[in-house]
1. Name the single residue, out of those in the stretch 204-231 being assigned to a helix (DSSP H, G or I) and over 18 Å from the mean Cα position of the chain (by Cα), that is surrounded by the fewest Cβ atoms within 10 Å (Cβ to Cβ).
2. Do we have any residue at all in the stretch 115-130 that's under 20 Å from the mean Cα position of the chain (by Cα) and at positive phi?
3. Quick one: which residue in 140, 134 is assigned to a helix (DSSP H, G or I) and either modelled with pLDDT of 95 or more or within 19 Å of residue 112 (Cα to Cα) (or both)?
4. Could you tell me which residue of the stretch 254-273 is farthest from residue 6 (Cα to Cα), considering only residues that are in a strand (DSSP E or B) and in contact with a helix residue (DSSP H, G or I) (Cβ under 7 Å, 6 or more places away or on another chain)?
5. Condition (residue is surrounded by 14 or more Cβ atoms within 10 Å (Cβ to Cβ) and in contact with a strand residue (DSSP E or B) (Cβ under 6 Å, 6 or more places away or on another chain)) applied to the stretch 46-58: is it met by at least one residue?
6. Is it the case, given these coordinates, that residue 128 is surrounded by 18 or more Cβ atoms within 10 Å (Cβ to Cβ), assigned to a helix (DSSP H, G or I), in contact (Cβ under 8 Å) with a residue 12 or more places away in the chain and in contact with a helix residue (DSSP H, G or I) (Cβ under 8 Å, 6 or more places away or on another chain)?
7. Go through the residues of the stretch 77-93 one by one and say whether even a single one is surrounded by 15 or more Cβ atoms within 10 Å (Cβ to Cβ), within 20 Å of the chain's Cα centre (by Cα) and closer than 29 Å to residue 252 by Cβ.
């Protein structure tokens, strides 16, 4: 089942006097939002009691959840101690997803190239993600989808091909395709329906169908420069893109049902609803 959701709470949520994520469950339900992504971007600091309360609230309202692991994960780090930390950041995020008990996917940014050669950095990241998989298996946490995300800066590991390669490492690794990031890192090349079709076809050719059908998606318009991503925008932007409608057409044609999370800057709720309306107007 396709779902349209939000990354965190929008400005309108707080403008109406709300303050807690538990309140967001009913708020999202009332607006037709199907999914909510909870961010551990700056650390996994949610206690299990609160995690369960949050999960119970969203489950009561029929809203699925995902979590985003800390942003400072880097599986291409050459320091073994830092790799241990990156592994534990993902493991801790999976444990919190288990405590929330209202979803099955954890998103992470795989790596930064740093001063390494691109190929060396990518191979190092692959080796260390394999170590992560061993730790997840040892802790009986392989029932959760670990979603490796396409990244927005050219210095980051996570273009389309790299993301697909990582997703092929194990059955529980799924792609998280951030179309705003792909557009930013290609300096605005995602414009037409064919551009989207090329991305989806590459995935269909190189991944099991189920991983494409049920992929995780992030979508927002993003300002970019010569080094890629600069900042997230809203759907009001008419300069940078990308646009959602051609992607919706490709999803429908290929019978894909991803979980789509809107990451617009403060208007994620409004823009998620706009995407949902576009999708169902095209599907009929």
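The values are calculated or read from the model by the stated rules, or taken from the named source; none is laboratory data. Predicted, not measured: the structure shown is a model, and the values here were computed from it. Cβ: placed from backbone, ideal geometry, glycine included. Neighbour counts: every protein chain shown.
1. Looking at the filtered set, the residue picked out is 205.
2. No: zero hits.
3. One residue alone meets the criteria, 134.
4. 260
5. Yes, the conditions are met somewhere in the stretch 46-58.
6. Yes.
7. Checked against the condition, which is being surrounded by 15 or more Cβ atoms within 10 Å (Cβ to Cβ), within 20 Å of the chain's Cα centre (by Cα) and closer than 29 Å to residue 252 by Cβ, the stretch 77-93 yields no hits at all.
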